[in-house]
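Scroll down for the structure; my scribbles are underneath it.
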Amino acid sequence: MKALVIAERADAARELAAGARTMADEVVLVSFGEAPEAVADKVARIAVPEGSVLDDAAETVISVFDAEQPAVVLVEPTRHMKAIAGKLAARIGTSVITDVMSFEGGAKSLYFGGVAERVQKPRGDVAVYTVGA
């Protein structure tokens, strides 16, 4: 199985890639700017032109997804990365499971201001999660 990690910051990329390694045999990292060394089997570095926002790179991220065909996508939960995750999920016909805290027995996250916990499963063949690193 293959996992795709999409991260804006190097420290988040490192943590998400380590988590992805427990879920998949191969980890592909999509990085904006500098990527940490030796955390993924492949790294796709995306440069966003000056004056553009990271959201503008969604089509490039989707092309990396199409080329790699991962079974799971882990996304850093920043505003820009969430926008990219939403566009990716819409393109592949699934939904994003947000703010995942644990994967034991399903994707666990809190809601109602942290009062309750919910467990979700992916809608399609590919799972897209935002995960706090």
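Here, each number is a calculation from the coordinates, and none is a lab measurement. Just so it is clear, the structure is predicted and the values come from calculations on it, not from any experiment. Note that we place each Cβ from the backbone using ideal geometry, even for glycine, and neighbour counts take in every protein chain shown.
Just want the ordering: Met101, Met81, Met23, Met1, from fewest to most Cβ atoms lying within 10 Å of their own Cβ. Let's see the in-between values first.
Numbers: Met101 12, Met81 22, Met23 16, Met1 9.
Ordered by Cβ neighbours within 10 Å, fewest first: Met1, Met101, Met23, Met81.
Give the lysines whose C-alpha is closer than 24 Å to that of Lys42, dropping any in the same chain fewer than 8 places away, or say none. Result set, ordered by chain and number: Lys2, Lys82, Lys87.
Sequentially through the range 52-58, phi angles give Karplus couplings (6.51, -1.76, 1.60; θ = phi - 60°) of 9, 9, 4, 4, 5, 8, 4 Hz, Gly and Pro residues having no value and appearing as x. A cut-off of 5 Å between modelled amide H atoms, ignoring neighbours fewer than 5 places along the same chain, links Phe32 with Ala7, Ile46. Sorting Thr130, Thr78 from the fewest to the most surrounding beta carbons within 10 angstrom yields Thr78, Thr130. Per residue, the chain reaches -8500 deg cm²/dmol at 222 nm when only DSSP H runs of four or more residues are counted, each adding -39500 (n - 2.57).
A Förster radius of 35 Å, combined with the Cβ-Cβ distance separating Lys108 from Glu50, puts the computed FRET efficiency at roughly 0.30.
Measuring between their Cα centroids, the range 88-125 and the range 7-52 lie 21 Å from each other.
Provide Rg over Rh for the chain; use the alpha carbon set for both Rg and the Kirkwood Rh (inverse mean inverse pair distance). Expressed as Rg/Rh, it is 0.95. Considering only Val5, Met81, Val126, the residue lying farthest towards the positive end of the dipole of the range 2-131 is Val126, judged by Cα position with unit charges set on Cβ.
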